[in-house]
């Protein structure tokens, strides 16, 4: 395993801790700044919105620069954002720090995925991407509980000081362990943005929205399902969430290996399995033993899609993998918000706390159908979306070589 992947995974861990670690500290933060619970919640939702914005616009802005230098600069932005949060004297400054840190989130994973894939052979690219994303899943399993514990024991600011320190270590690691990675050949923002004209890129992004919407839509309200429907005590919920986290870590790595063997086929199978897991969970939610198994499988199967989704959009983008990679991170975050919104609507409509599971099953099935359509379209005309965009206006009429076909 290239040592540079360790630095990228550590960056993913710090970013995951920044995104989710604040959830358990919101009561203390709300009290400290004398704001309402809903206002404190903007520190989470504002972060997610900024991730989506940064994933598109910041990734596009830096696509013409050498990628290692971009990763270093993004980590400086990450450190600055968390440092602002750690010393924020007011709620408004705290929110500013969250936005600054979030802007680097999507771009870091977008650029980092391309760098990680370039470190290894063609048949190991999805596995390399999954190792970088493993840092994010480890943050869910270990980092968030530890960050919450640290904040409760030493004050919530201590968690952000710890994240800032992780950022510094990551910055040093990238500088020392990650090799030089040249910018995209086009070097043009215009040609990078042109990738969104390609139906395969748009369909891949839609699959990402639906796939992660299905998982997060169900997961957002899972505590209510486990306590009010299954009958677990509130004190058991953190341990059940840990089971989900372990599943995400394992599923991410297994999904990466599966995507390296047969990307489209494995994604189609995994999305079908995800729909089945969510549906069975909905049918057996009142059974404690079934819920235990379902929690693990939801994490494992749900996050097994991540490496393949990231690699697919990079491949169909051809000459603009960095922009497409960032767009996929944005799509995943849009899916998070969309799934949570639909699940909440189902509950508000009176369908009960099991309804988000059924909503998730429907979204997973829709994702599989969109992917099947994309696969069929690509099989009929493999060159339709994989033609490289022109490098600049001067060469706009000269088509480039098509991207190599996917390796199963």
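Check whether at least one residue in region 197-218 is part of a helix (DSSP H, G or I), touching a helix residue (DSSP H, G or I) at 6+ places or on another chain (Cβ under 8 Å), outside the structural domain of residue 135 (by TED's automatic domain parsing) and free of Cβ contacts under 8 Å to residues at least 24 places away in the same chain, and report yes or no. Within region 197-218, one or more residues are part of a helix (DSSP H, G or I), touching a helix residue (DSSP H, G or I) at 6+ places or on another chain (Cβ under 8 Å), outside the structural domain of residue 135 (by TED's automatic domain parsing) and free of Cβ contacts under 8 Å to residues at least 24 places away in the same chain.
Of the listed requirements (1) closer than 22 Å to residue 109 by Cα; (2) modelled with pLDDT under 80; (3) assigned to a helix (DSSP H, G or I), residue 181 misses just one: (3). Would you say residue 97 is in a helix (DSSP H, G or I), touching a helix residue (DSSP H, G or I) at 6+ places or on another chain (Cβ under 9 Å) and under 14 Å from residue 19 (Cα atoms)? Spelling it out, residue 97 is indeed in a helix (DSSP H, G or I), touching a helix residue (DSSP H, G or I) at 6+ places or on another chain (Cβ under 9 Å) and under 14 Å from residue 19 (Cα atoms).
Scan region 142-172 for residues that are part of a helix (DSSP H, G or I), surrounded by fewer than 21 Cβ atoms within 10 Å (Cβ to Cβ) and at pLDDT below 90 and jot them down. Once the filter is applied, which keeps residues that are part of a helix (DSSP H, G or I), surrounded by fewer than 21 Cβ atoms within 10 Å (Cβ to Cβ) and at pLDDT below 90, region 142-172 yields 142, 145, 146, 148, 149, 150, 152, 153, 154.
The residues listed here are 103, 95, 74, 83; of these, the one that is crowded, with 16+ Cβ neighbours inside 10 Å, under 16 Å from residue 322 (Cα atoms) and at pLDDT 90 or above is 74.
Going by what's in this entry, would residue 352 be described as crowded, with 21+ Cβ neighbours inside 10 Å and in contact with a helix residue (DSSP H, G or I) (Cβ under 8 Å, 6 or more places away or on another chain)? Let's see the steps before the verdict.
Values: crowded, with 21+ Cβ neighbours inside 10 Å: no; in contact with a helix residue (DSSP H, G or I) (Cβ under 8 Å, 6 or more places away or on another chain): yes.
No; evaluated as a whole, the condition is false for this residue.
Scanning region 227-257 for residues that are more than 16 Å from residue 293 (Cα to Cα), surrounded by fewer than 22 Cβ atoms within 10 Å (Cβ to Cβ) and touching a residue at least 40 places away in the same chain (Cβ under 8 Å) yields 228, 253, 254, 257. The lone criterion from (1) out of contact with any helix residue (DSSP H, G or I) (no Cβ under 9 Å at 6 or more places or on another chain); (2) modelled with pLDDT under 80 left unmet by residue 127 is number (1).
The values are calculated or read from the model by the stated rules, or taken from the named source; none is laboratory data. As the structure is a prediction and not an experimental result, all values here were calculated from the model. As a convention, Cβ positions derive from the backbone with ideal geometry for all residues, glycine included, and neighbour counts pool all protein chains shown.
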